[in-house]
Amino acid sequence: MAHYVEKRVKVNIPASKIWNVLKDFSSVERFAVTIKSSPIINDKPFGLGAKRLCTFQDGSSLVEEIIQFEEGEGYTMELSEYSFPLKNMHSEMKVKAVTNNTSELFMSTTFVAKGGPFGWLLGQFLMAPMMKGVFTKLLNGLAYHSETGNSVGEKLPDKKEWSKLVLG
């Protein structure tokens, strides 16, 4: 059975500014504290079919490929080549204008864990809550990087540096 996790954050940043960061598919390490590098691994740097290799701070990695793309709004990715105990995983990232100067950031994932009933329990009570926490950090980092141009590194900047950007 599939698990679904989502996170939404409203920010004091125009959607176009967020989109300029999201459309640079090889730049996720600039706003995701868990990712060390994310080079493109095929001949498509952005848009439908673009693939990146995300290497995490701990040395593990996975491949993300854009399988749905909406210019100016977001994309859906299929994840593969990971060491997680998963049968499959898809993630989505979107930005939507709320006003001229505010927007809503959205990230979700759907995944199926390996291991039958035990895998389902692992997904429900360990993986899903962990992913929600990662999404919160990633979206806050996206807001911070989009507004300042500064990379987050392995840890989000002090909350006072980015909290005025995040509305909730």
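The values are calculated or read from the model by the stated rules, or taken from the named source; none is laboratory data. Small disclaimer: the values here were computed from a predicted structure and weren't measured. For neighbour counting, all protein chains shown are included, and Cβ atoms are generated from backbone atoms with ideal geometry for every residue, glycine included. For accessibility, only protein heavy atoms count, side chains too; no ligands or nucleic acids. Shrake-Rupley method; radii C 1.70, N 1.55, O 1.52, S 1.80 Å.
With r defined as the distance between the Cβ atoms of Tyr82 and Lys160 and R0 fixed at 35 Å, what FRET efficiency is calculated, to the nearest 0.05?
It comes out at approximately 0.50.
Would you kindly derive the ³J(HN,Hα) couplings of segment 119-135 from the backbone phi angles with the Karplus curve 6.51 cos²θ - 1.76 cosθ + 1.60 (θ = phi - 60°), listing them in order in whole Hz, with x for Gly and Pro?
Per-residue couplings from phi come out as x, 4, 4, 4, x, 5, 9, 10, 5, 4, x, 5, 5, 4, x, 5, 4 Hz.
At what distance in nm do the modelled label points of Asn20 and Lys36 sit from each other, each positioned 7 Å from its Cα along Cα→Cβ?
Each label point is offset 7 Å from its Cα along the Cβ direction, giving 3.1 nm.
With springs connecting C-alpha atoms under 10 Å apart, model the chain as a Gaussian network and identify which of Ile18, Ile41, Ile66 has the largest mean-square fluctuation.
Ile41
Ala97 to Val112: extension gain in nm, 0.36 nm per residue of separation minus the Cα-Cα distance?
Length difference between fully extended and current span is 2.3 nm.
Per the helix-only calculation at 222 nm, which mean residue ellipticity applies to the chain, given -39500 (n - 2.57) for every DSSP H run of n ≥ 4 and division by its residues, nearest 500 deg cm²/dmol?
-7000 deg cm²/dmol, from helical runs alone.
Please list, in order, the residues from segment 92-113 whose amide nitrogen is less than 15 Å from a point placed 7 Å along the Cα→Cβ vector of Leu167.
The answer is 95-106, whose backbone nitrogens lie closer than 15 Å to the label point.
Expressed as a whole number of Å, what is the distance separating the alpha-carbon centroids of segment 1-45 and segment 116-145?
15
Restricting to DSSP loop positions (anything but H, G, I, E, B) with no more than 14 other Cβ atoms inside 10 Å of their own Cβ, which GluC sites (Glu not before Pro) remain in segment 120-168?
Counting only loop positions with at most 14 other Cβ atoms within 10 Å, the GluC sites (Glu not before Pro) in segment 120-168 are Glu154.
Val63 to Thr148: extension gain in nm, 0.36 nm per residue of separation minus the Cα-Cα distance?
27.8 nm is the gain from fully extending Val63 to Thr148.
Just flag the GluC sites (Glu not before Pro) in segment 50-136 sitting in loop per DSSP whose Cβ has no more than 14 other Cβ atoms within 10 Å.
Glu71, Glu81
Please work out the average accessible area per residue across segment 76-168, using the 1.4 Å probe convention, and give it in Å².
For segment 76-168, the per-residue accessible area is 54 Å².
Kindly count the pairs of lysines across segment 6-126 whose alpha carbons are less than 17 Å apart, treating pairs on different chains or eight or more residues apart as eligible.
So the count of such lysine pairs works out to 12.
Taking H placed 1.01 Å from N in the peptide plane, check which residues at least 5 places from Ile41 or on another chain put their amide H under 5 Å from its amide H.
Excluding prolines and chain starts, which carry no amide H, the hits are Lys51, Arg52, Leu53.
Take the chain, connect every pair of alpha-carbon atoms lying under 10 Å apart with a spring to form a Gaussian network, then pick out the residue of Leu142, Leu126, Leu79 with the largest mean-square fluctuation.
The residue with the greatest mean-square fluctuation here is Leu126.
At a 1.4 Å probe radius, carbon and sulfur cover how many percent of the accessible area of segment 78-168?
Result for segment 78-168: 57 percent of the exposed heavy-atom area is carbon or sulfur.
Read phi for every residue in segment 102-107 and hand back ³J(HN,Hα) as whole Hz from Karplus 6.51 cos²θ - 1.76 cosθ + 1.60, θ = phi - 60°, with x for Gly and Pro.
The phi angles translate into 10, 8, 10, 9, 9, 9 Hz.
Compute, for Val134, the solvent-accessible surface of its heavy atoms (probe 1.4 Å) with the complete set of protein chains present, and express it in square angstrom to the nearest 10.
50
Taking θ as phi - 60°, what are the ³J(HN,Hα) couplings along segment 141-147 by the Karplus curve (6.51, -1.76, 1.60), each to the nearest whole Hz, with x for Gly and Pro?
3J(HN,Hα) across segment 141-147, in whole Hz: x, 4, 4, 4, 5, 4, 7.
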